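Some notes on the structure that comes next.
Values in this text are rule-based calculations from the coordinates and carry no lab data. All values derive from a computational prediction rather than experimental measurement. Cβ placement follows ideal geometry from the backbone for every residue including glycine, while neighbour counts extend to all protein chains displayed.
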Amino acid sequence: MKKNEFIANELCLSYRRNPKLPVSAFNKIKNSRCLEETFRQVWNIDEIEVRESFYALYMTNQLNVVGYYRIADGGIDAVAVDTKLIIKCALLSNATRIAIAHNHPSGTLYPSNADKVITRRIASACDIMDLKLLDHIILTDCDYYSFKDNGDL
């Protein structure tokens with residue numbers, strides 16, 4: 001093969017079951033409390049007070065979880081979020097509903113302006129792709145904040 005010939009790379013989605021997670025935790029997500037509990041099932045709880053992370057849950061129309069993905073890990077008080085990655089995972093998993101979450105190691109429950117901006121950006125991207133952003137949850141060590149419940153989404 002010549003040096004300047006183009007090679008197209010094929011992207012593949014991999015599904016891997018986590019044997020530590022009970023199926024019952026991923027059926028029929030009814031409200032923000034269920035979302036919070038489900039996010040805590042998949043979160044690296046050892047780091048919830050150490051650094052910010054951002055996760056997404058992917059669901060069917062019936063609100064059953066078909067997958068989750070850790071979108072990014074950040075620093076003490078910020079995490080960079082790539083909206084394209086969130087949408088890509090939804091499309092590859094055939095999800096129609098998405099919930100997102102990040103943590104505040106400081107223990108502050110309320111969203112920052114940056115939190116509100118990224119939520120609006122993700123919601124807009126979901127609208128374009130005919131997906132529904134159900135909620136954005138902020139986790140602390142022992143509590144949570146729901147954008148939906150508080151009228152921010």
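Things to note:
- Here is the size of region 93-138 from its Cα atoms: Rg then Dmax, 11.8, 35 Å.
- In this simple spin-label model, placing a label point 7 Å from the Cα along the Cα-to-Cβ direction at both LEU91 and SER106 gives a separation of 3.5 nm.
- Pairs with C-alpha atoms separated by more than 18 Å, drawn from the list LYS84/LYS132; LYS28/LYS132; LYS30/LYS148; LYS30/LYS132; LYS28/LYS116, are LYS28/LYS116.
- Neighbour net charge for VAL81 - beta-carbon separation under 15 angstrom, K R +1, D E -1: +2
- Computed from the Cβ-Cβ distance with R0 of 25 Å, the FRET efficiency linking ARG120 to ASP46 stands at 0.20.
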